[in-house]
Each structure stands twice: as C-alpha cells, then as structure tokens.
Amino acid sequence: MKKKSKTAKSVEEYLAQIPEPARTTLEKVRTTIRSVVPKETTEAISYGIPTFHYKRGLIAYAAFSDHCSLFPLGSSAIEQFKDELKPFRAAKGTLHFPLEKPFPGPLLKKIVKARIAQNEAKKPR
C-alpha cells in the first residue's frame, strides 16, 4: 500500500498517497492520537511513515496492502495492554488492524497516554 516511488515529506502528503479505505482509517487514527497528546507534540515522517514525537518518538502508524499498523515505539506499551490487544495481530513493536476499521479509539488513547508517561519518565536525550 505504501508507495515506494515517492517518499512523502509530510504527513498530509503521506495520507494523500494512501487509497481508500485505508486513508480514512488512518485519518481517524491520527485524529484520535491528536486528541490526547500534549500541545508540544509534533508530527513528522520518520522512516517513511507518520510519527508523533513528544520528547522522543511516541507512536507511528502506516498502511500496507492488507492491513494498517500502529507502532507504539516501545514494546512495553504492547505488553502493558496485552489482554486488551488479543483481538489484534501483534508482533514485537507493531499492532495490525484491518484497512477498513480504525483501531478502537478508547484503547488507542490508553496506549498513547501510556507512551506519553513512558517518555516523560525517561531522561531527555
């Protein structure tokens, strides 16, 4: 799903390259994340995918040919919510969910808040 021919320079450019239904799914994921992050959080393309940064990498997301993924940028968040994440395919550092169905908002907010707390607890780089 990610287009290899042109690397996006902004999150908007990345999303514009993603076909439906994944684009709408990722836009909903982005809106949910934005609703809970501190105001000083930034968004950028990192390693070719949209990434939120708060003190350091916070969470990223992407679309692929058969799924969308969340990257909590720390497997401890996945471990912390492992019981709630059972319905999703999880690998080390990534959560897969259907192209046409956004990741559940309440659970996504919990993961983002946990990642914020983790980043706040770490010493600055």
## Note on the structure
For the stretch 6-75, the Cα-Cα pair-distance distribution in 5 Å bins from 0, as whole percents, is 3, 17, 30, 28, 16, 6, 1
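When the Kirkwood hydrodynamic radius is evaluated over all pairs of different C-alpha atoms of the chain, what value in angstrom, to one decimal, is obtained?
On the way: mean 1/r = 0.0685 Å⁻¹.
It works out to 14.6 Å.
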### Query
How big, in percent, is the set of alpha carbon pairs in the stretch 71-110 lying more than 12 Å apart?
57 percent
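The numbers here are math on the coordinates, done by the rules we state, and not lab data. These figures come from a predicted structure and were not determined experimentally.
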